[in-house]
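**Q** First the structure, then my questions, so here it is.
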Ligand SMILES: Cc1cc2nc3c(=O)[nH]c(=O)nc-3n(C[C@H](O)[C@H](O)[C@H](O)COP(=O)(O)OP(=O)(O)OC[C@H]3O[C@@H](n4cnc5c(N)ncnc54)[C@H](O)[C@@H]3O)c2cc1C
Ligand SMILES: Cc1cc2nc3c(=O)[nH]c(=O)nc-3n(C[C@H](O)[C@H](O)[C@H](O)COP(=O)(O)OP(=O)(O)OC[C@H]3O[C@@H](n4cnc5c(N)ncnc54)[C@H](O)[C@@H]3O)c2cc1C
Ligand SMILES: Cc1cc2nc3c(=O)[nH]c(=O)nc-3n(C[C@H](O)[C@H](O)[C@H](O)COP(=O)(O)O)c2cc1C
Ligand SMILES: Cc1cc2nc3c(=O)[nH]c(=O)nc-3n(C[C@H](O)[C@H](O)[C@H](O)COP(=O)(O)O)c2cc1C
Ligand code: FES
Ligand code: FES
């Protein structure tokens, strides 16, 4: 069920250049089902900025009723969010949307989790859930440059992890697809989240493979009511459009027209 | 000289119901000349609320480069200001306007300082300056009710002090003028700041006495450029209007048409 | 007696609060958050004759205390709206105001004729003010004669009262209001969005794919309030006011200016519970103002 | 070469930044804060034939990301403005744009004739869009024919180029722009304020004594930007854009939309140093955009 709650900040730190990790505590965590879902955050009580900001759930801890988001302080809203201190409250609406399907891979199988920049966070909780099910994840994480790389160790502790940077300052130089072309991993399913260009590249690279992609679109309501986040679909599907916020943000490969 | 500075909050506490005392530190204090001047405060970096809030200077300490404001957290802006914590910075423009003239009273004389509600603060620094000059102040301070009375002791340490509350929950019941009618103080000059109704009552009560009144008006720029805070004048003056922000907020009795 | 009840042509409102068209879809999403029957009414998303897929994305952009949108009237079309959306809404005890849009007069007439027959549709809202479609929409809303013509044509076929939604993008909104009143409109809803634009500072190109969009949210409240005040002075049919409403105080203001009921749009995105929250706060606000019934607020500014 | 210099009819601007009329008085107050010669130009407070005492107070009210004002064109009148204000401004090396207002065409003509002779007045800004005076002002700005007539009449007597300041409170602002261009206007300045209102929630009465006021500030930027974009498409005379400008990014946006220079109004009240700050930040912004001269920004959105 979707809830709105003023959640308390129990941890907040810069983990890479302009990239922040925020841990929030509250009842809302009980509602979080699948990795890849997101929350819609109101960064201040002022009317400026006005709209909520969609941010993926990076990790969930049911026991402590805490969850983590990882975001880049970029524009007006996220910069304000970055100024919040521990102990302060944040207005959170969520969990929203449908996340990555775990059941689509079977125990024993190997899958690849491919993330780009601020698309990496949701893959962390996803990886943990897959491992719980006895599935082996390989992480391929792409970043612009060394300064903005985050969670490398966290992912390594979960399994095989490859870092790629566009400028080659850390890990392999190039894009996630460059690296995939090298290591040619053997896998059953791919899960990916990142810039649209990356999603396109993934679909083109593995046209016949089972894959799930998480999309980004500008949002209004975040719950499916305003038709702001609509994407056209391919002929592969009967519906002629989908809403990223409520039908997605995760869709099977080939559904969304990109 | 008028300056704009991000000043640091060195003290911030609620001293009466919804009434806050805030102490700020910065170079701007060096520019503060006369009691009754005010500062124009931007309560947040957001565009909402947009305008600065005019607040009187309640006390000045040149040595520590600190000054104090006392304000009522009422509407949107001052409520936000009330949430600021020690150590945070506040955008202050000032000092603005012309304060109460000290030289208008002579050493040895007795004067009355009559304040109403949030009009009381500027009288505190005024009283200290008058005393320095060997002038004896009598303080008549009016409030709505007990809960919102503040600085009583501070004023008592400076001299004779009378408290009046509209509902009689503290001190004499009634208005400042009610009390003045009782005690019939012998004085040379009156200085007053408070709601317009009170200023009118003072002018009517002491038509032939030398007096100085501090006015309030909605402001835009706060420095004399936008003509928002204009008041009509009486035939007693040659100018046909005055600006509260730059010609005032303090005017001699009889100048402003009220 | 219910201190919040308001009677308007075709509408018996439990309270004067309703979500504005396009900001609430057809209710399904918000029904997961609270009971829709608590609402005074629901203004559903614009319905057109045929299915519409709307404009390319991005369709929204944030502005100072506001937002721009260019959804482009995306909706499943008349048939599906009646057979699915309105049918589903029958589960709730809440009057529906059907927002009708189109390109030609015939479109409006056709949609109005059929949708006004739906059991729970108690009134129509003629959207002659959508700034986000190439033809139709706003073109009807900027010329008094054309607006009147369309109103009359729809009145002929509608089985429920017809409210006309005015565009603020005009020189004299009261003139349009008088024209549609004369043409038989039962009420007025106002305001729709102000045409605006946001540019990507780096590229210099519009953020919204459509180029321009409709401005809504707290930023427009002063303009909306002024227009409601002006129109209330010049027409005698009731007004449902909107434009930047986000708090119970905003509701008081719009009713004081002359609105008989108030719609909440953009604020639903900021706080999905804003409508029930305002409804809950209204009684204590009336106490604060020393009023016994919400209707006493209507037109206070003019007295 | 100065990468910020802009040449406009009558105006050689060191940079494209200038305070907007009415938000800077006649410069005296801001001269205490910084050197006025750093400004591209100064648009002085509206000048009328006779002294004007303006409207009763309150004259301003705050709104979400904006403010309302109803100053009522208070100014010392033509003679004093010329003999005192403009004379004093001669101390500074900055072109003055004189904002001219009035009630009848004759008033405008009389003021224009004399004020355009002042040594430092390099251009006139015809204020046909002030929403805060009973007659004159905005009435001239909402009818293309009347606007054109006034423009032609003033052009006949003015010794300097004439810019016409447009009102956003119209259905088709480009139509007015085309009309004044055809009538000989040398340039356009836009936008003036949107008519708005704020009510005291407790009393239900307007906060501003005048009832309505002109809305300005960040809230109106999307509307102003859209209008500049539209007008730039339809006229060939230069535009000085304004409406909610508070940052260097806002300046980039307005020039991208088609403005050749930008005026800053309300933001001066929020940050009295906003103009010099923006001027200082402009060069690095141009570097960021990879542009060598500020003029390259003009009309980027249209390319
Ligand atoms: C489903 C989803 C999950 C996301 N998860 C994350 C995450 O885990 N970490 C992270 O750093 N970012 C994430 N994003 C991107 C994040 O929403 C934007 O970076 C953020 O909204 C930008 O806001 P701002 O205040 O920094 O920028 P501003 O320029 O102030 O934003 C202005 C407006 O544009 C919208 N906007 C701007 N960029 C984007 C974008 N890329 N996607 C959607 N809306 C945008 C904002 O929401 C706001 O409404 C996610 C986006 C979506 C749709
Ligand atoms: C010269 C001067 C000195 C002042 N000194 C003090 C002081 O020392 N302590 C104190 O508590 N108050 C003082 N005030 C009053 C104070 O400025 C207002 O209470 C405050 O601006 C209200 O802002 P808000 O955010 O609480 O209300 P809001 O309703 O959010 O204000 C909305 C707008 O109206 C303006 N406004 C509202 N009330 C007033 C008012 N009474 N006077 C001027 N503008 C107003 C605000 O500045 C703002 O622009 C002074 C006013 C003036 C003119
Ligand atoms: C995303 C969005 C979609 C809208 N769609 C419609 C619509 O389909 N029909 C209509 O008449 N108005 C539509 N509107 C306008 C609103 O109904 C309302 O008139 C306007 O937003 C002002 O109210 P607000 O400031 O409370 O949002 C839409 C507004 C928004 C923000
Ligand atoms: C207090 C105030 C006074 C104004 N006076 C005038 C004026 O005398 N003449 C004029 O043409 N515009 C006047 N304006 C309008 C501004 O010049 C400008 O067009 C408008 O405020 C939009 O710009 P902004 O959002 O940057 O303030 C005034 C605006 C304000 C806020
Ligand atoms: S954001 Fe409103 S429908 Fe997706
Ligand atoms: S507030 Fe601008 S002149 Fe006084």
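**Q** At 4 °C and 1.567 mPa s, grab the translational diffusion coefficient of chain A from Stokes-Einstein with a Kirkwood Rh over Cα pairs, rounded to a whole number in µm² per second.
**A** In µm²/s, the coefficient rounds to 70.
**Q** Right, here's the next one. For the range C:67-146 and the range C:167-222, write down the distance between their C-alpha centroids in whole Å.
**A** Taking the Cα centre of the range C:167-222 as reference, the centre of the range C:67-146 is 17 Å away.
**Q** List the distances, in nm and shortest first, from the label point of residue A:153 to the matching label points in every other copy, placing each point 7 Å from Cα along the Cα-to-Cβ direction.
**A** Nearest first, the other copies' label points are 5.2 nm away.
**Q** For a quick check: sort D:227, A:22 by the number of other beta carbons within 10 angstrom, fewest at the front.
**A** A:22, D:227
**Q** For the protein assembly as shown, divide the Cα radius of gyration by the Kirkwood radius and give the resulting Rg/Rh value with two decimals.
**A** 0.99
**Q** May I ask you to report, in nm to one decimal and beginning with the shortest, the distances from residue C:296 to the same position in the other copies, taking label points 7 Å along Cα-to-Cβ?
**A** When each copy's label point is compared with this one, the spacings are 6.7 nm.
**Q** I've got another one for you. On average, how many beta carbons from a partner chain sit within 10 Å of the beta carbon of a residue in A:114-126? Each step should come with its number before you reach the end.
**A** On the way: counts 0, 0, 0, 0, 0, 0, 0, 0, 0, 0, 0, 0, 0.
So the per-residue partner count for this stretch is 0.
**Q** Let me ask you something else. Quick one: work out Rg over Rh on the C-alpha atoms of the range D:1-156, Rh as Kirkwood radius. List each step's numbers first, then the result.
**A** Numbers: Rg = 15.7 Å, Rh = 16.3 Å.
Value, to two decimals: 0.97.
**Q** Let me ask another. So what's the gap between the Cα centers of the range B:181-234 and the range A:184-222, to the nearest angstrom?
**A** Each part reduced to its Cα centre gives a spacing of 70 Å.
**Q** How big is the Cα convex hull of the range A:3-120 in projection, averaged over all directions, in nm²? Intermediate results must be reported in sequence, preceding the final value.
**A** Working: hull surface 31.9 nm².
With every direction weighted equally, the projected area is 8.0 nm².
**Q** Still on this structure: To one decimal place, what orientation-averaged projected area in nm² is obtained for the convex hull of the Cα set of chain C?
**A** Orientation-averaged projected area of the Cα hull: 14.5 nm².
**Q** Now for a separate question. Which Rg and Dmax, in Å, describe the Cα atoms of the range D:242-300?
**A** 11.0, 32
**Q** What value does the range A:1-58 have for Rg/Rh, both radii from Cα atoms and Rh as Kirkwood defines it? Walk me through the numbers on the way to the answer.
**A** Working: Rg = 12.4 Å, Rh = 12.9 Å.
Computed over Cα atoms, the ratio is 0.96.
**Q** Grab the DSSP H runs of the protein assembly as shown that are 4 residues or longer, score each as -39,500 (n - 2.57), total them, divide by all residues and round the 222 nm result to the nearest 500 deg cm²/dmol. Could you put the intermediate results ahead of the total?
**A** Details: 26 runs with 254 residues, N = 1122.
After summing the helix terms and dividing by residue count, I get -6500 deg cm²/dmol.
**Q** Any idea what angle helix A:196-205 forms with the longest principal axis of chain A, computed on alpha-carbon atoms, 0 to 90 degrees, nearest 10?
**A** 20 degrees
**Q** Could you please rank C:114, B:103, A:257, B:139, placing first whichever residue has the fewest other Cβ atoms within 10 Å of its Cβ? Let's see the in-between values first.
**A** Details: C:114 18, B:103 7, A:257 14, B:139 24.
In order of increasing Cβ crowding within 10 Å: B:103, A:257, C:114, B:139.
**Q** Please compute the average number of Cβ atoms from other chains found within 10 Å of each residue's Cβ in peptide C:4-16.
**A** Shielding by partners across C:4-16 averages 0.
**Q** Taking the Cα atoms only, what angle lies between the long axis of helix A:121-132 and the longest principal axis of chain A, rounded to 10 degrees?
**A** Long axis of A:121-132 versus the principal axis of chain A: about 60 degrees.
**Q** Where does the Debye-calculated log10 I(q)/I(0) of the range C:88-189 sit at q = 0.22, 0.23, 0.24 Å⁻¹, using only Cα point scatterers of equal weight, no solvent?
**A** Each listed q corresponds, in turn, to -1.07, -1.15, -1.23.
**Q** May I ask you to order A:126-132, D:245-251, B:125-131 by the average number of other C-beta atoms within 10 Å around their residues, highest value first?
**A** D:245-251, B:125-131, A:126-132
**Q** Got a sec? How would B:149, D:228 order by Cβ neighbour count within 10 Å, fewest to most?
**A** Fewest to most other Cβ atoms nearby, the residues stand as B:149, D:228.
**Q** Name the residue, out of D:98, D:261, D:182, whose mean-square fluctuation peaks in a Gaussian network model built on chain D with Cα pairs under 10 Å.
**A** Of D:98, D:261, D:182, the most mobile in the Gaussian network model is D:182.
**Q** Please average, across the residues of C:186-196, the number of beta carbons from any other chain that are within 10 Å of each residue's own beta carbon, and give a whole number.
**A** 2
**Q** For the range C:14-66 and the range B:38-103, what is the centre-to-centre distance using only Cα atoms, to the nearest Å?
**A** 42 Å
**Q** Beyond 23 Å, what percent of the Cα pairs of the range A:116-258 remain?
**A** 37 percent
**Q** Would you kindly give the portion of the calculated P(r) for the range C:186-303 that falls above 25 Å, as a percent of all Cα pairs?
**A** The proportion of pairs with Cα distances above 25 Å equals 30 percent.
**Q** A further question follows. For label points placed 7 Å from Cα toward Cβ, what is the shortest-first list of nm distances from residue C:236 to its copies?
**A** 5.5
Read-outs: derived from the displayed coordinates by stated rules, not from any lab. Because the structure is predicted, anything quoted here is derived from the model rather than measured. Counting neighbours? That spans all protein chains shown, and the Cβs are built from the backbone with ideal geometry, glycine included.
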